[in-house]
Amino acid sequence: MNGIHDMGGMHGLGPVVREENEPVFHEEWEGHALALARAMLGGEHFNLDEFRHAVERIEPSRYLRSGYYERWLEGTITLLLEKGIITREEFDARLSDLAKRPRGQGEA
Amino acid sequence: MPVVDLELVRGLYKTAGAVRLKLDIAPRFKPGDHVVARNINPPGHTRLPRYIRNKRGFVERDHGVFHLPDARVAGQVQLLRGRERSGEPLGTAARGVRIRPPGQHGHRHGLRGTAQH
């Protein structure tokens, strides 16, 4: 698709900024997002191309504001819902539970 | 009791979701051939970025046979970029080729059935 992800050649985005001594994950949840995507791929709930396409379909302004693992997480969630692995109701209920917890008390 | 263990993960990591295909398809192009990237604009997934469409170059290297990404997304229209041979599914496998624009040594475009993250 001619989506926002297809940035090669675009002007105005500025130089690629490389972080010195970049850690593997900036925050722990990123590792969970990676593990979740890998587990879903390994279990063949979806394939790599479906995963990429799910990421490509993120609404453009949100895509541009999102970091790498945010996009991975969103792509994974999209596919989990589309494939019926979780339902929208389960997902919303879980978000609602998490939103009620004091900050810092998440779980995997 | 863990559901998965490290050995299972190691094994899966190496093999699950592999994108190479053990399929013997004759290549349509060979290194040195001049080619033009198609100007396709599929609404679904493709690994052909806009900056390379309609661009000319020559084949530098053959990467072998891969799944065609466009065809691997469930429910979307398959594009016939892959090799057509009797008895083989259309559009689902393609030989990856790497092309280089004429006169620009060292600047490489990948025209592949799949690519790295």
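If you go through segment A:26-41, how many residues are modelled with pLDDT under 95, open to solvent by 60 Å² or more (accessible area, probe 1.4 Å) and hydrophobic (A, V, I, L, M, F, W, C)?
1
Among (1) part of a loop (DSSP other than H, G, I, E, B); (2) at pLDDT 90 or above; (3) open to solvent by 10 Å² or more (accessible area, probe 1.4 Å), which single condition is B:H45 missing?
(3)
Test each condition in (1) part of a helix (DSSP H, G or I); (2) among the polar types (S, T, N, Q); (3) open to solvent by 90 Å² or more (accessible area, probe 1.4 Å) for A:T78 and report the one that comes out false.
Every condition holds for A:T78 apart from (3).
Is there any pair linking a residue in segment A:28-49 that is without any contact (Cβ under 8 Å) to a residue 60 or more places away in the chain to one that is surrounded by fewer than 16 Cβ atoms within 10 Å (Cβ to Cβ) and acidic (D, E), with Cβ under 9 Å and at least six apart or on different chains, and which?
A:F46/A:E82
Hey, can you tell me all the residues within segment A:17-50 that are facing chain B (nearest Cβ under 9 Å) and of a type in the set (A, V, I, L, M, F, W, C)?
Within segment A:17-50, the first condition is being facing chain B (nearest Cβ under 9 Å), and the residues that meet it are A:38-39, A:41-44, A:46-50.
Of everything in segment A:17-50, those that are facing chain B (nearest Cβ under 9 Å) and of a type in the set (A, V, I, L, M, F, W, C) turn out to be A:A39, A:L41, A:F46, A:L48.
Out of the residues in segment B:31-68 that are at the interface with chain A (Cβ under 8 Å from one of its Cβ atoms) and over 16 Å from the mean Cα position of the chain (by Cα), state the one that is farthest from A:G9 (Cα to Cα).
Among residues in segment B:31-68 that are at the interface with chain A (Cβ under 8 Å from one of its Cβ atoms) and over 16 Å from the mean Cα position of the chain (by Cα), the one farthest from A:G9 (Cα to Cα) is B:P43.
Looking at (1) modelled with pLDDT under 95; (2) open to solvent by 100 Å² or more (accessible area, probe 1.4 Å), can you tell me which one A:G12 breaks?
Unmet condition: (2).
For segment A:85-92, state whether one or more residues are assigned to a helix (DSSP H, G or I), under 26 Å from B:P69 (Cα atoms) and aliphatic (A, V, I, L, M).
Looking only at segment A:85-92, we keep the residues that are assigned to a helix (DSSP H, G or I), and these are A:88-92.
After this cut, where a residue has to be under 26 Å from B:P69 (Cα atoms) as well, the list is none.
No, there is no match, as no residue in segment A:85-92 is assigned to a helix (DSSP H, G or I), under 26 Å from B:P69 (Cα atoms) and aliphatic (A, V, I, L, M).
Quick one: which residue in A:R71, A:R103 is exposed (fewer than 11 other Cβ atoms within 10 Å of the Cβ) and either out of contact with any helix residue (DSSP H, G or I) (no Cβ under 9 Å at 6 or more places or on another chain) or not in a loop (DSSP other than H, G, I, E, B) (or both)?
Values: A:R71 fails: exposed (fewer than 11 other Cβ atoms within 10 Å of the Cβ).
Checking each option against the conditions leaves just A:R103.
If I ask for residues that are assigned to a helix (DSSP H, G or I), within 14 Å of the chain's Cα centre (by Cα) and surrounded by 17 or more Cβ atoms within 10 Å (Cβ to Cβ), which ones from segment A:42-68 would you list?
A:L48, A:E50, A:F51, A:R52, A:H53, A:A54, A:V55, A:E56, A:Y63
Before we move on, is A:Y63 within 14 Å of chain B (Cβ to nearest Cβ), out of contact with any Ser or Thr (no Cβ under 7 Å at 6 or more places or on another chain) and modelled with pLDDT of 95 or more? Step through it out loud before you land on a result.
Working: within 14 Å of chain B (Cβ to nearest Cβ): no; out of contact with any Ser or Thr (no Cβ under 7 Å at 6 or more places or on another chain): yes; modelled with pLDDT of 95 or more: yes.
Taking the combined requirement at face value, the residue does not satisfy it.
The values are calculated or read from the model by the stated rules, or taken from the named source; none is laboratory data. Just so you know, these numbers come straight off a predicted model, no measurement behind them. Glycine gets a Cβ as well: all are built from the backbone with ideal geometry, and neighbour counts include every protein chain shown. Please note that ligands, DNA and RNA were not included when accessible areas were found on the heavy atoms of the full protein model with its side chains. Shrake-Rupley method; radii C 1.70, N 1.55, O 1.52, S 1.80 Å.
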